[in-house]
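Read the structure below first, then the notes.
None of the figures in this text is laboratory data; all of them are computed from the coordinates on show. The structure displayed is predicted, hence computed values, not measured ones. Note: ideal-geometry Cβ built from the backbone for every residue, glycine included; neighbour counts use all protein chains shown.
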Ligand code: P6P
């Protein structure tokens, strides 16, 4: 019986390929994996350890916080702040940055995360996940500021997510393809289970929250209408629909069997000054990196997500990503 390839040994091999990477990079990913293992444990135990339900607070997004949002955020901070791998951390759950505490060594990386994406699902026992994005910290800067985080997605050196589903899976890219690791709870290790994941270029499955249909802009409305017309319509084939309301679960399905995921901007969001629902820095960018590394496409209306120059840390954008041919078709509708 073999051990298999652990996440740590995989990264040690990979870091040789990452220009300038040192053991710090491996240490950083190990810290993230430790946090994800603890979050997975709490998500799995749920009511047994009284972590479900909401707290009487809203986050910077104005969304009611779940207990596990707050706990997951604290676990990410605890796992990361003291080991000398990061210089600062940004999170969906915190308006401002979390800096490395006085006396602790500052590392070479900046971490951005959505500690528990899709947390509204956790109370109804549906898959949720952690999303993370890693940037290089500016050289010689004692305390990075928000401006140091506002880099386009092409500057990410790694991105990933941990899906707390029927099995707990950590999916990672360091810019050389996408690999997946499944948590073996018996000995607490993420073991390599998939390498060089590739998204099929075509699909017959779309994911969108159809309850917002009356607010959609014409390109999105056209694309979905054509899908709904099925084999008798312009697409000449029938489509299936999925909506989990948990981006990590949707992206993982798309990595596994193809598909297109859309959270478009719409009149409802624009009416309250929001360009979209999903956040650029710690949802769209990391997922776009993963999707592109798996041969897919990720756009904001017609623009490549990873080329967007961020204005704000918690900036929201429309997101369309997945099977290349479908996303490029939808993007082309924004050009007409
Ligand atoms: P809706 C979860 O809150 C999230 O940020 C994504 O994970 C998910 O795709 C989307 O929002 C769900 O939004 O409007 O369907 O609840």
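Quick notes
- Residues that are assigned to a helix (DSSP H, G or I) and either touching a strand residue (DSSP E or B) at 6+ places or on another chain (Cβ under 9 Å) or at positive phi (or both) within segment 15-40 comprise 24, 25, 28, 29, 31, 32, 33, 35, 36, 37, 39, 40, listed in sequence order.
- Unmet criterion (only one of (1) within 23 Å of residue 178 (Cβ to Cβ); (2) within 16 Å of the ligand (Cβ to nearest atom); (3) in a loop (DSSP other than H, G, I, E, B)) for residue 126: (1)
- Residue list for segment 263-282, restricted to those being over 18 Å from residue 313 (Cα atoms) and crowded, with 21+ Cβ neighbours inside 10 Å: 263, 264, 265, 266
- Residue satisfying condition, being part of a strand (DSSP E or B) and either within 16 Å of the ligand (Cβ to nearest atom) or touching a residue at least 24 places away in the same chain (Cβ under 8 Å) (or both), within set 241, 281: 241
- Qualifying residue in segment 207-223 (condition: surrounded by fewer than 18 Cβ atoms within 10 Å (Cβ to Cβ), part of a loop (DSSP other than H, G, I, E, B) and either within 16 Å of the ligand (Cβ to nearest atom) or without any contact (Cβ under 8 Å) to a residue 40 or more places away in the chain (or both)): yes
- The listed residue being crowded, with 22+ Cβ neighbours inside 10 Å and within 22 Å of residue 311 (Cβ to Cβ), out of 162, 113: 113
- Of all residues in segment 298-309, those satisfying the criterion of being touching a strand residue (DSSP E or B) at 6+ places or on another chain (Cβ under 9 Å) and either part of a loop (DSSP other than H, G, I, E, B) or touching a residue at least 60 places away in the same chain (Cβ under 8 Å) (or both) are 301, 305, 306, 308.
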